[in-house]
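Quick notes on the structure that follows.
The values are calculated or read from the model by the stated rules, or taken from the named source; none is laboratory data. Since the model is a prediction, treat every value here as computed from it, not as a measurement. Because the Cβ atoms are built from the backbone with ideal geometry, glycine has one as well, and the counts that use them run over all protein chains shown.
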Amino acid sequence: MNTTNSNDRQIIHMDQDAFFVSVEVRKDPRLEGLPVIIGSLSDRGVVASCSYEARKFGVHSAMPAKMARMLCPHAIWIRGNMDTYSKASNEITEILKESVPLIEKASIDEHYIDMTGMDKFHGTLKYAHELKQKVIKETGLPISFGLSVNKTVSKMATNECKPNGELNVARLNVQPFLDPLSIRKIPGLGEKTFIKLSDMGIKRIHALTLVHPDYMRSILGKNGIWLLQKAKGIDNSPVIPFQEQKSIGTQSTFENDSIDIESINFLLTSMVMDLAFQLRSKHKLAACMTVTIRYATFEDVTKQAAFSYTSLDGALIRTAKDLFKALYVKRVLIRLVGIRLSNLVGGFEQIDLYSQSEEQYSLCQAMDKIRKRFGPQAIKLASGLNLKL
């Protein structure tokens, strides 16, 4: 982890251009230059991604499918395949990992690279350009990058130069770069906060920088100070190596050794739901699960499965039960079961909308709202309640 002063850092943010659409274009070049939307066509569906040609009509990710059809009726809709996108994401990660000293996989389609200190040996801007060209040449997928003194500014630089762009924001140019931008461009600024600040007449970052910290704290709490720092180009958060964000897990030791498979399946359901809620709360997706059984003899056995990036209960519960079924072959008393989710990346639930039912997505959202208000244990699926262990 680099502890160099943030003003001296060299942080590259690399982001794939309309990633899911680009992968589809790679498969079918006839889609090049056309308005393409990835998502479900049903009235309850949501846009997962869209081409820049579709964006010209006002379409954007997370937009209801019904509205997207109205704005761009001639768009080509593709339901999408998360397995394909996950593999393409891993292609890019492997190329970057081989070429840089420190990399963080921030989501399925974006990476942060810390080149601090390496600029003594390489011109960082030139190196980032060469790295971009390498990704394009080896994968055929378009990519943009921003280079600056921290993660926030480099990400905002990327967003300003997409698609197929490159933008270097040197330390002395950070505030001049940020000042004229809409506050909506600040990463992590939610819609409610945007409306609240806009109603106060604060619409540009420059105006936000002029607000007194005490006032920001009074209207937005700690988040107000965090937002003010972002507006001033301050972000000391480190680039976290991809391997550091390894996994989350849980386990349960039974009061009495058990062979009650029905109750154990109920327990697995409850455990997975808790982990999936943690994932969604941290805006994470998992791509691997490990189930552990400890027999009454204290022998531990494990089984692992890889799958498409997800944070939704249904797919994870099915995987846990399938792994347990394949693992439990001795038919002897069990002392403990454990579940671990790994290969975590940053991401949001809508990435899986086209491969999961809209009903399941809506259910997860509704249950999460209840948990956040009344506590993590406030709601469970019926299949996770009948525990006799």
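Quick check on Asp15: is it exposed (fewer than 14 other Cβ atoms within 10 Å of the Cβ) and either free of Cβ contacts under 8 Å to residues at least 40 places away in the same chain or within 29 Å of Leu96 (Cα to Cα) (or both)? No.
Out of all the residues in region 221-251, which are of a type in the set (A, V, I, L, M), out of contact with any Pro (no Cβ under 7 Å at 6 or more places or on another chain) and at pLDDT 90 or above?
As a first pass, look at region 221-251 and keep what is of a type in the set (A, V, I, L, M): 225, 227-228, 231, 234, 239-240, 248.
Narrowing the set further to residues that are out of contact with any Pro (no Cβ under 7 Å at 6 or more places or on another chain) leaves 227, 231, 234, 239-240, 248.
Once the filter is applied, which keeps residues that are of a type in the set (A, V, I, L, M), out of contact with any Pro (no Cβ under 7 Å at 6 or more places or on another chain) and at pLDDT 90 or above, region 221-251 yields Leu227, Ala231, Ile234, Val239, Ile248.
Listed conditions (1) farther than 24 Å from Asn343 by Cα; (2) surrounded by 15 or more Cβ atoms within 10 Å (Cβ to Cβ) are all met by Ile95, apart from (1).
Within region 349-357, is even one residue at pLDDT 80 or above and either assigned to a loop (DSSP other than H, G, I, E, B) or under 30 Å from Val47 (Cβ atoms) (or both)? No. With respect to the conditions (1) out of contact with any Asp or Glu (no Cβ under 6 Å at 6 or more places or on another chain); (2) within 16 Å of Met156 (Cβ to Cβ); (3) of a type in the set (Val, Ile, Thr), Thr193 falls short on a single one, namely (2). Looking only at region 297-348, residues that are among the small types (Gly, Ala, Ser), assigned to a helix (DSSP H, G or I) and without any contact (Cβ under 8 Å) to a residue 24 or more places away in the chain come to 1 in all.
Screening Arg184, Arg204 for residues that are over 25 Å from the mean Cα position of the chain (by Cα), charged (D, E, K, R) and on the phi < 0 side of the Ramachandran plot leaves exactly one candidate, Arg204.
For region 6-50, the set of residues classified as hydroxyl-bearing (Ser, Thr, Tyr) and under 30 Å from Thr124 (Cα atoms) consists of Ser6, Ser22, listed by residue number. Scanning region 135-165 for residues that are closer than 20 Å to Val100 by Cβ and either of a type in the set (A, V, I, L, M) or in contact (Cβ under 8 Å) with a residue 40 or more places away in the chain (or both) yields a count of 21.
The strands (runs of 3 or more DSSP E) falling completely within region 1-85 that include 1 or more residues that are among the small types (Gly, Ala, Ser) map to 36-39, 47-50. Figure legend. Inter-residue proximity from region 246-259: first residues touching a residue at least 40 places away in the same chain (Cβ under 8 Å), second residues acidic (Asp, Glu) and surrounded by 14 or more Cβ atoms within 10 Å (Cβ to Cβ), beta-carbon distance below 7 Å, spacing 6+ or different chains. Indicated pairs: Thr250/Asp274. Looking at Leu228, Leu178, Leu147, just one residue is more than 19 Å from the chain's Cα centre (by Cα), under 19 Å from Asp109 (Cα atoms) and buried (at least 18 other Cβ atoms within 10 Å of the Cβ), and that residue is Leu147.
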